[in-house]
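**Q** Just dropping this structure here.
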Amino acid sequence: MREYKLVVLGSGGVGKSALTVQFVQGIFVEKYDPTIEDSYRKQVEAENQQCMLEILDTAGTEQFTAMRDLYMKNGQGFVLVYSITSQASFNDLTDLREQILRVKDTDEVPMILVGNKCDLEDERIVTREQGELLSRQWHCSFMETSARTKINVENIFFDLVKQINRKTPEPKKKKKKNSGCIVL
């Protein structure tokens, strides 16, 4: 079974944990409890094959930035989350993306830009068009989500699996040749 290492990044309070827990456990976490780092595993069927997603839910607070290089190095796909109710959280993603590209030493990294909290339309500050424009500039996928109402939550992770499969197809398993020996 193929494993995928996915990393969820973004500022504090944008809903990284809420999205991750909604996807993995199917529940909405109402209260905000700042994460240091949580890792989740979920077996899913994606692209007609069973796979194991290992999702790293990272700290949004500045004091844990030292750990970032390590999980950026090991991650295969990245979910960059901002809140549609916070311009600052949207602006913060540029530095995160640049750090990912620097650590990975490539411009081609499976990535999805996520505008979370789309159920809070009347509190919207970041327009959908701003998200779409940034995703075109970055050549990555874009979705608006709501952890509360489950809008696009699964789609984020399945989209990332597709991107990883396109970038690094699973190597074909070699058939073992029969050596002709009989082992008793």
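**Q** Quickly run through the range 1-52 and pick out the residues that are more than 20 Å from M72 (Cβ to Cβ) and charged (D, E, K, R).
**A** Scanning the range 1-52 gives R2, E30, K31, D33, K42, E45, E47.
**Q** Sticking with this structure for a sec: Scan the range 132-153 for residues that are open to solvent by less than 40 Å² (accessible area, probe 1.4 Å), of a type outside the set (F, W, Y) and either under 20 Å from D107 (Cβ atoms) or at pLDDT below 95 (or both) and jot them down.
**A** L134, S135, C140, S141
**Q** From the list G10, G77, G26, G15, exactly one residue is open to solvent by 10 Å² or more (accessible area, probe 1.4 Å) and either in contact with a His (Cβ under 8 Å, 6 or more places away or on another chain) or within 16 Å of M143 (Cα to Cα) (or both). Which is it?
**A** Just a single option satisfies the conditions, and that option is G15.
**Q** Working only within the range 8-52, note down all residues that are assigned to a loop (DSSP other than H, G, I, E, B) and under 30 Å from R166 (Cβ atoms).
**A** Residues satisfying the conditions are S11, V14, G15, G26, T35, E47, N48.
The values are calculated or read from the model by the stated rules, or taken from the named source; none is laboratory data. Since this is a predicted model, take the numbers as computed values, not measurements. Here the Cβ is made from the backbone with ideal geometry for all residues, glycine too, and neighbour counts use every protein chain on show. To get the accessible areas, we keep the full protein, side chains included, count just its heavy atoms, and leave off ligands, DNA and RNA. Shrake-Rupley method; radii C 1.70, N 1.55, O 1.52, S 1.80 Å.
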